[in-house]
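Below is one structure, written out as structure tokens; the observations come after it.
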Amino acid sequence: MKVTFYGHSCFGIETSGIHLLFDPFVSHNELASGIKVDDIPADFILASHGHWDHVADLVPIAQRTGATVVGVWEIHAWAEKQELKTHPMNTGGSWDFDFGKLTLVNAVHTSSFPDGSYAGNPVGFVLDLKEGKTMYYAGDTALHMDMQLIARRYKLDYAFLPIGGNFTMDVQDAVLAAEFVNCKHIIGMHYDTFGYIKIEHDAAQKQFADAGRKLTLMDIGSTMEL
Ligand code: NI
Ligand code: MN
């Protein structure tokens, strides 16, 4: 799988020739000013919840690419109203897509659309990819005990965890989350974008290393092969 970081919690993942895009928030992110939103590819857009810093660029990207928007029922209803292609799901549900099996899992957070309307419950995503890798994208969440259920069912290769604190888990909580989901390689997200969530990169990586785990902090616009 090829992972591209577009800043904040927005990642593109290319797997089995399919482009997945998570939580598109780019054009309002000063740190991502080097990214051209019009160049971002997407076959599926996975939306963890309705907050502005996760859906701000969703509609234009979905309109341009014809991507299918995947999320909870309320995300589906909102996207469908804007005449986007959708696949409605809900927490605990799985579906076999061409890229692999996707499961929506619990996230502890809130969720509303930028206009304040109800966006259902926030979720995380577990992807059991056809290419043989398994990953967890936590979305915005607090540390919670249900994360342990993921390790009961899946052997994760990678976990994308929020680490910025204030709105989500901080680094210390994310180290515990990595233990709960039993994953060695963590990709950090939801940090540095706003004043409230600025972190010390070296200190964060040391905290994970001290716990026997690896924290990757990708440069915005960079791509890595996993
Ligand atoms: Ni949020
Ligand atoms: Mn957020």
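The values are calculated or read from the model by the stated rules, or taken from the named source; none is laboratory data. Model, not experiment: these values are computed from the prediction. Using ideal geometry, Cβ is built from the backbone for each residue, glycine included, and neighbour counts are taken over all protein chains shown. In case anyone asks, the SASA skips ligands and DNA or RNA and just uses the protein heavy atoms, side chains included. Shrake-Rupley method; radii C 1.70, N 1.55, O 1.52, S 1.80 Å.
A few notes on this one:
- Each other residue within a Cβ distance under 12 Å of Asp23 adds +1 if Lys or Arg and -1 if Asp or Glu, for a net charge of -3.
- Net charge of Cβ neighbours under 11 Å - reference Leu143; Lys, Arg +1; Asp, Glu -1: -4
- Most mobile listed residue (Tyr191, Tyr154, Tyr137) in the chain, GNM with C-alpha springs under 10 Å: Tyr154
- Computed [θ] at 222 nm, helices only, for the chain once each DSSP H run of length n ≥ 4 contributes -39500 (n - 2.57): -5500 deg cm²/dmol
- Environment charge at Phe194 (Cβ cut-off 12 Å; Lys +1, Arg +1, Asp -1, Glu -1): -2
- Straight-line reach from Lys184: taking Cα to Cα under 17 Å and skipping same-chain neighbours fewer than 8 places apart, the aspartates and glutamates in range are Asp128, Asp157, Asp173, Asp210, Glu225.
- Accessible surface ranking for Trp95, Trp52, Trp78, 1.4 angstrom probe, highest first: Trp95, Trp52, Trp78.
- Alpha carbon centroid spacing (whole Å) that separates region 89-155 from region 197-226: 21 Å
- For Lys133, the solvent-accessible surface with a 1.4 Å probe is about 50 Å², rounded to the nearest 10.
- For the chain, a simple Cβ point-charge model (Lys and Arg +1, Asp and Glu -1, everything else neutral) yields a dipole of about 560 debye relative to the Cα centre.
- Taking Cα centre as origin and charging only the Cβ of basic (Lys, Arg, +1) and acidic (Asp, Glu, -1) residues, the dipole magnitude of region 111-226 rounds to 420 debye.
- DSSP beta bridge pairing in the chain, given as percent antiparallel to the nearest 5: 60 percent
- Å² per residue, accessible surface of the chain at 1.4 Å: 43 Å²
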